[in-house]
Every structure is written in structure tokens, then in C-alpha cells.
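These notes are about the structure you will find just below.
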Amino acid sequence: MDLMTRYMGLQLKNPLVASASPLTGELDSLRRLEDAGAAALILPSLFQEEIEAEAARYEHLTSAHDDSWPEGLSNFPKLPDAQHGPHQYLELVRRARQAVGVPVIASLNGISNEGWTSYAKQLEQAGANGLELNIYFIPADLAATGRDVEQRYLDILRSVRAAVSIPIAIKLSPYFSAVGNMALALEDAGANALVLFNRFYQPDLDLTRLQVLTDLKLSDPSEIRLPLLWLAVLAGRTRASLAASTGVTGAEEVVKYLLVGADVVMTTSSLLREGPGHLAILLAGLEAWLDAREFESLTHVRGIMSQRGMRDPQAFERANYIKILQGYHQPGRSVTGQPAPAVQSRTNGAMPIRPPS
Ligand SMILES: Cc1cc2nc3c(=O)[nH]c(=O)nc-3n(C[C@H](O)[C@H](O)[C@H](O)COP(=O)(O)O)c2cc1C
């Protein structure tokens with residue numbers, strides 16, 4: 001079965017990629033992910049904020065000694081910059097490149113223009129095969145307009161693009177008013193790939209302690225619908241590669257994402273839940289699905305259910321909105337309140353997928 005795909009200019013043996021998480025931050029699990037079939041690995045993000053906070057803490061500590069106990073400084077060795085800069089992360093990039101044969105993509109989350117560009121250069125020099133920009137930004141400033149937010153993404157991308165020559169992916173927010181137009185603007189500004197989507201963590205409240213909860217919930221398959229929609233709209237209409245991210249639990253989600261046109265499918269939650277070996281299960285499930293329908297390669301299925309590949313492209317748009325709302329049936333009940341038929345079609349009469357003749 002030919003599962004080869006291209007992503008951000010890199011040739012990958014299959015479309016399954018382990019996205020950024022603590023699992024990709026350790027050599028042992030990186031090796032296990034590769035053994036299970038991961039075609040590329042995204043390292044956890046290098047957070048500029050974290051590195052600089054650490055450096056500031058160290059600076060504060062040493063300067064406190066400077067004032068009160070100068071001779072004590074001889075006991076408090078001045079660390080070389082490398083020890084409290086991005087050194088550890090750069091070392092991870094280097095070691096990951098040595099440990100695995102598949103492409104290693106570094107992820108960067110900057111705060112200043114200088115931070116984005118200087119860390120990007122260092123990541124390139126450390127040997128990263130590509131760079132994913134994790135622009136995690138919630139525009140809580142009420143004066144910021146949509147245009148400001150878009151500009152921020154574009155400015156960051158342009159600066160990094162000018163600083164490095166390795167391929168760049170942007171992990172995109174799902175909250176732009178015009179995701180499609182933004183995607184094209186990012187492509188124009190030099191993005192080689194778009195990751196749909198970044199998953200912005202949303203707080204909850206603890207009603208007993210009256211505190212904000214910042215617990216992290218892993219994703220579930222119901223979350224694939226938004227990326228599915230936008231991948232279907234964008235497939236075949238941008239030169240940038242498309243990565244599907246969020247909600248993959250089993251092979252079904254992988255297949256769905258490929259059908260709407262994803263070049264690669266990323267997963268984190270399923271791997272954190274089930275372990276790195278789960279990737280082999282996803283891969284086997286994908287192969288079994290293709291095999292059962294006699295598809296010989298991924299190229300034959302990719303995008304056949306994108307907006308471009310569908311007979312009814314409006315199925316992904318508002319034209320169906322009213323129909324969908326009106327078509328809702330409470331489980332076990334028909335609209336008239338009568339018990340519903342046991343099995344309801346979820347495909348609105350669509351034909352089952354067959355390989356091209
Ligand atoms: C524990 C944890 C740590 C993560 N760390 C990062 C990170 O450092 N950088 C990043 O861009 N995304 C990070 N993510 C987000 C994932 O890469 C991914 O985009 C998100 O979990 C959605 O994919 P999923 O539905 O397959 O989990 C993290 C997610 C989890 C659960």
C-alpha cells in the first residue's frame with residue numbers, strides 16, 4: 001500500500017504525524033513513535049516566555065547576591081548563557097535528529113519579533129527539518145481589531161520566513177472571521193503548511209472553591225468537525241500543505257481527514273491516552289480501510305470528499321444549515337414525537353465511497 005505523502009516540502013512515508021506534546025519531548029518516546037510508524041515528529045514548543053522568565057529568575061538570584069554578599073558570588077558560579085537560554089531545547093533538536101530517521105519539526109512560540117526570529121535561526125542551525133509556529137494568542141485587548149490579529153500572524157510569519165530557509169508551518173487559530181482568506185494570506189507570506197487547528201484551552205470554574213480551572217481536557221472525535229469543514233474548503237485551493245489536527249482517536253478520523261484533503265493527520269490526545277504504540281493501530285486501520293475499498297494509494301482518496309471533489313459542494317456550507325437544523329431528531333423520537341425508526345441514515349442518501357474505475 002502506497003501511503004506516501006508530501007508535507008511542507010518533506011517526503012513522508014505515510015500521513016501520520018505525532019503533534020507537539022510531552023511525548024515528543026523525550027528521546028525514548030520519539031523512538032517509540034517512530035517504531036509505531038509516525039512519519040514525522042513535532043517537538044513540543046520552545047516557549048520564549050519560559051526561557052526568558054527562567055533567565056530573569058537566574059539574573060535576579062545572582063544580582064541579589066551581588067548586592068548583599070559580593071564574595072559569595074565565587075560560590076555561585078556564573079552559568080554560561082547556554083545553560084539558561086534555549087540550550088536544552090536545541091540539544092533536544094540535535095538529539096532527536098540523531099535518534100530517529102523521520103523528519104523532526106521544531107515548534108516555536110515566541111513573544112517578541114526578536115524572539116521569533118533569533119530562536120527560529122537557532123532551531124534551524126540545530127538541524128530541525130522544519131519549523132511549526134505555534135502562534136497561541138487570545139486577543140483579550142478589546143481595542144484589537146480582527147485586522148490587527150491577522151496582521152500579527154502575518155508579521156510573525158514574514159519575519160521568520162526572512163530569517164530561515166527550512167519549511168514553515170503555521171498552527172492556525174480556528175477563530176478568524178475568514179479562515180480561507182487568512183490561509184491564502186499566510187501562503188502568500190511564505191507558509192509552506194497550515195495546521196488546522198490550534199486547540200485553544202478554555203477555562204472552566206470550580207464552584208466549590210470559586211477558582212478558575214485550568215485543567216487540560218484531551219480531545220475527542222466530536223472535535224474533528226470544524227477542521228473537517230475548513231480542510232474540505234481549502235483542499236486543492238492553496239499551495240500550502242494541509243495538516244489536520246484535533247480529535248483523532250481512531251482510524252476513522254484519520255480517514256475522514258484524508259478524504260477532505262489533508263496531506264497529513266496529526267494526533268496528540270490519542271497517543272497520550274493510549275501510548276505511542278497507538279500510532280501503529282491508526283496506521284493499520286487506515287490501511288485496512290483503503291484495502292477493503294481497493295484503493296491502491298493515498299493519492300486516490302485524498303480530497304475526494306473535499307468541496308472540490310464533491311458533487312454537492314454546498315454540503316459543507318450554509319445552504320444546508322436550515323436543512324440540518326430541521327432534520328434534527330431527538331434520539332429515539334421522530335419529529336412528531338413517535339418512536340423513530342431503528343436506523344437513521346446519517347449520509348442523506350450519499351453513495352458509499354468506491355475507488356475510481
Ligand atoms: C499535554 C499537552 C501538551 C501540549 N503541548 C503543546 C506544545 O508544546 N505546542 C503546541 O503547539 N501544541 C501543544 N499541544 C497541543 C497538541 O499539539 C495538539 O494540537 C492538540 O492536543 C490537539 O490535537 P489532539 O486532538 O490530537 O490532541 C499540547 C497538547 C497537550 C494535550
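Kirkwood Rh over alpha-carbon pairs of segment 198-285, then Stokes-Einstein at 4 °C and 1.567 mPa s: what D in µm² s⁻¹, rounded to an integer? Intermediate results must be reported in sequence, preceding the final value.
On the way: Rh = 14.4 Å.
It diffuses with D of about 90 µm²/s by this estimate.
Would you mind checking which residues have amide H under 5 Å from SER107's amide H? H placed 1.01 Å from N; only 5 or more apart, or other chain.
LEU43, LEU46, GLU132
How large is ³J(HN,Hα), in whole Hz, for each residue of segment 172-177 in order, when computed from phi with the Karplus curve 6.51 cos²θ - 1.76 cosθ + 1.60 and θ = phi - 60°, using x for Gly and Pro?
8, 7, x, 9, 6, 5
Using a/c under 1.5 as the rounded threshold, could you call segment 267-328 rounded, prolate or oblate? The axes a ≥ b ≥ c are square roots of the C-alpha gyration tensor eigenvalues, and prolate needs a/b larger than b/c, oblate otherwise.
Values: a/c = 3.03, a/b = 1.55, b/c = 1.96.
Here segment 267-328 falls in the oblate category.
Where a number appears in this text, it was derived from the coordinates with a stated rule and is not lab data. Small disclaimer: the values here were computed from a predicted structure and weren't measured.
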